[in-house]
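Here the structure is laid out as structure tokens; the discussion comes afterwards.
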Amino acid sequence: MLSYSRFCLVVVVCLLIVSGCRPQPRPVQQPTPAPKPEITAEQSWNEFVADARSECESQPGCSVDYEKLHEYDGRHFGVMIVGYEDSEYFVSLYRFDPDSNEWVESPRSTPADGYEHIDVPATSEQWDVPEATIKGWIDEANRTVREIYSKRQ
């Protein structure tokens, strides 16, 4: 015969089993997500230029005549010149935004002569790059393209 204390213990265990008392489930460790592949500014610039080239080639007489990536204070900037046969060429300046992996075009202005161009003072202020540095990038691009165009004639 069972003693009264053993009987109570058996009853309690049976009640626990019947009531569904189970040990606390262990938390399942989720695998750490694979890190996003880091795209460098250089890779992104090459893709950006390739896309611009592809779009330009779909238009008669259009060509990407200059592209250069610059680094300033740990940030990346790109200068691109798109030319049109027997016409003008356009200089554009872009800043790489690593958070969105996008290239942001600089502010532009249209002076009295009517030709749109990079607004160097506004770009300098917004992007915290000295005007002289920006002008140097633009001058280098213009010189290079003029040399390219003079050799074509």
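Looking only at region 117-128, decide whether some residue is within 25 Å of I39 (Cβ to Cβ), touching a helix residue (DSSP H, G or I) at 6+ places or on another chain (Cβ under 7 Å) and modelled with pLDDT of 95 or more. Taking every residue of region 117-128 in turn, at least one turns out to be within 25 Å of I39 (Cβ to Cβ), touching a helix residue (DSSP H, G or I) at 6+ places or on another chain (Cβ under 7 Å) and modelled with pLDDT of 95 or more.
Evaluated against (1) of a type in the set (G, A, S); (2) in contact (Cβ under 8 Å) with a residue 24 or more places away in the chain; (3) in a strand (DSSP E or B), S87 falls short on exactly one condition, (3). Take Y115 and decide whether it is among the aromatic types (F, W, Y) and free of Cβ contacts under 8 Å to residues at least 40 places away in the same chain. Against the criterion (among the aromatic types (F, W, Y) and free of Cβ contacts under 8 Å to residues at least 40 places away in the same chain), Y115 qualifies. Given the structure, is P60 assigned to a loop (DSSP other than H, G, I, E, B) and free of Cβ contacts under 8 Å to residues at least 24 places away in the same chain? So P60 fails the test. In region 31-40, is there at least one residue being in a strand (DSSP E or B), surrounded by fewer than 17 Cβ atoms within 10 Å (Cβ to Cβ), of a type in the set (S, T, Y) and at negative phi? For region 31-40, residues in a strand (DSSP E or B), surrounded by fewer than 17 Cβ atoms within 10 Å (Cβ to Cβ), of a type in the set (S, T, Y) and at negative phi: absent. Considering the conditions (1) part of a strand (DSSP E or B); (2) under 20 Å from C56 (Cα atoms); (3) in contact (Cβ under 8 Å) with a residue 12 or more places away in the chain, V104 is excluded by exactly one of them, (3).
Residue-wise test of (1) of a type outside the set (D, E, K, R); (2) modelled with pLDDT under 95; (3) within 25 Å of T40 (Cα to Cα).
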| site | (1), (2), (3) |
| --- | --- |
| D51 | no, no, yes |
| E55 | no, no, yes |
| Y72 | yes, no, yes |
| V79 | yes, no, yes |
| Y84 | yes, yes, no |
| F90 | yes, yes, no |
| D97 | no, no, yes |
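Could you give me the residue pairs with C-beta distances under 8 Å whose first residue belongs to region 65-80 and is more than 18 Å from H117 (Cβ to Cβ), whose second residue is polar (S, T, N, Q) and surrounded by fewer than 18 Cβ atoms within 10 Å (Cβ to Cβ) wherever it lies, and which are 6+ apart or on separate chains? These pairs meet every condition: Y72/T133.
Table: residues versus (1) surrounded by 15 or more Cβ atoms within 10 Å (Cβ to Cβ); (2) aromatic (F, W, Y); (3) in contact with an Asp or Glu (Cβ under 9 Å, 6 or more places away or on another chain).
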site	(1), (2), (3)
W45	yes, yes, yes
S63	yes, no, yes
K68	yes, no, yes
S106	yes, no, yes
A112	no, no, no
D119	yes, no, no
S124	yes, no, yes
R146	no, no, no
R152	no, no, no
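Let's see how each residue does on (1) of a type in the set (V, I, T); (2) touching a strand residue (DSSP E or B) at 6+ places or on another chain (Cβ under 6 Å):
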site: H76; (1), (2): no, yes
site: V82; (1), (2): yes, yes
site: E85; (1), (2): no, no
site: D99; (1), (2): no, no
site: T123; (1), (2): yes, no
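Out of the residues in region 70-98 meeting the condition of being under 16 Å from F48 (Cβ atoms) and charged (D, E, K, R), tell me which one is surrounded by the most Cβ atoms within 10 Å (Cβ to Cβ). Once the filter is applied, the top-ranked residue is R95.
The values are calculated or read from the model by the stated rules, or taken from the named source; none is laboratory data. These numbers were taken from a predicted model, which means no experiment stands behind them. Cβ sites come from the backbone with ideal geometry, for glycine too, and all protein chains shown count toward neighbours.
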